[in-house]
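Note sheet for the following structure.
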Amino acid sequence: MYASNTGARQGLSRMSQDKGLLIVYTGSGKGKTTCALGTAFRAVGQGLRVLMVQFIKGSWHYGELDAAKMLGDDKMEILPMGRGFVKVGGAETNPEDVRMCEEAWTFALAQIQSQKYDLVVLDEINYVISYHMLDPGKVVAALTARPEHVHVICTGRNAHPALVEAADLVTEMREVKHPYTKGILAQRGIDY
Ligand code: ATP
Ligand code: MG
């Protein structure tokens, strides 16, 4: 669990505009990637350019890939850059997965630094950091030094404490109920 900063927010509701935020959506409840997508949808409506880099490619064809195409590449791009691996407890980390993570990170950082985008989502980056496929110190240092106006959202379970510390906004999704526990499988349009 992470400490709340509600108290610190009081009196700070009108700070300067156009400050790029470092945002983290973590926790084991459902809603991290979809929260990032909701923010992306809002940002597109405000004329912001959005990129989502997916560090882990899912096994389904996700609806958001087609929805982003409907919006247009000049507004929102989603790039699946992982291999779709699921790490099973105890298994060795595959060097090929590490290489692909590094490649995705190098690419994503270059896009952040290019200032071509106003919002960059690093989907499931928390997951790959927690499995030691990316160095947290390196990621946090680079994100902290990013161009000032660029918003970055990092999603995934088990956000690293150093990233939580560096972030401006951290929300932890907590599972209250999930249909999976009743044996209800992933639903089209809701889960993928
Ligand atoms: P979503 O993409 O729906 O916002 P998420 O990003 O919070 O989910 P992930 O950890 O990325 O969650 O898991 C992706 C998939 O696992 C989704 O299909 C999601 O519905 C499912 N999922 C998420 N949380 C849970 C949970 N607590 N129990 C079972 N399945 C879950
Ligand atoms: Mg997710």
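Every number here is computed from the coordinates shown, using simple stated rules; none is lab data. Because the structure is predicted, anything quoted here is derived from the model rather than measured. Don't worry about glycine lacking a Cβ; one is built from the backbone with ideal geometry, like all the others, and counts go over all protein chains shown.
For a quick check of your reading of the model, give me the residue pairs whose first member lies in segment 33-52 and is on the phi > 0 side of the Ramachandran plot, whose second is surrounded by fewer than 15 Cβ atoms within 10 Å (Cβ to Cβ) and among the small types (G, A, S), with beta-carbon atoms closer than 7 Å and at least 6 apart or on different chains.
Qualifying pairs under 7 Å: none.
Tally up the residues in segment 117-138 that are farther than 18 Å from R42 by Cα and either surrounded by fewer than 22 Cβ atoms within 10 Å (Cβ to Cβ) or within 15 Å of the chain's Cα centre (by Cα) (or both), please.
14
Does segment 30-53 hold any residues that are touching a strand residue (DSSP E or B) at 6+ places or on another chain (Cβ under 8 Å) and within 10 Å of ligand 1 (Cβ to nearest atom), and which are they?
G31, K32, T33, C35, A36, L37
May I ask you to list pairs of residues, at least six apart or on different chains, whose Cβ atoms are under 8 Å apart, with the first in segment 172-192 being under 14 Å from G27 (Cα atoms) and the second being within 16 Å of ligand 2 (Cβ to nearest atom) and assigned to a helix (DSSP H, G or I)?
M173/K32; M173/C35
Quick test of your reading of the structure: V150 fulfils all but one of (1) surrounded by 12 or more Cβ atoms within 10 Å (Cβ to Cβ); (2) more than 16 Å from ligand 1 (Cβ to nearest atom); (3) under 19 Å from T26 (Cβ atoms). Name the failing condition by number.
(3)
Can you name every residue in segment 141-192 that is closer than 10 Å to L22 by Cα and among the aliphatic types (A, V, I, L, M)?
Passing the criteria: L143, V150, V152, I153, L163, V164, A166, A167, L169, V170.
Are there any pairs with C-beta distances below 9 angstrom linking a residue in segment 113-125 that is touching a residue at least 60 places away in the same chain (Cβ under 8 Å) to a residue that is within 16 Å of ligand 1 (Cβ to nearest atom) and among the charged types (D, E, K, R), with the two at least 6 apart or on different chains, and if so which?
Within 9 Å, the pairs are D123/K32; E124/K32; E124/R157.
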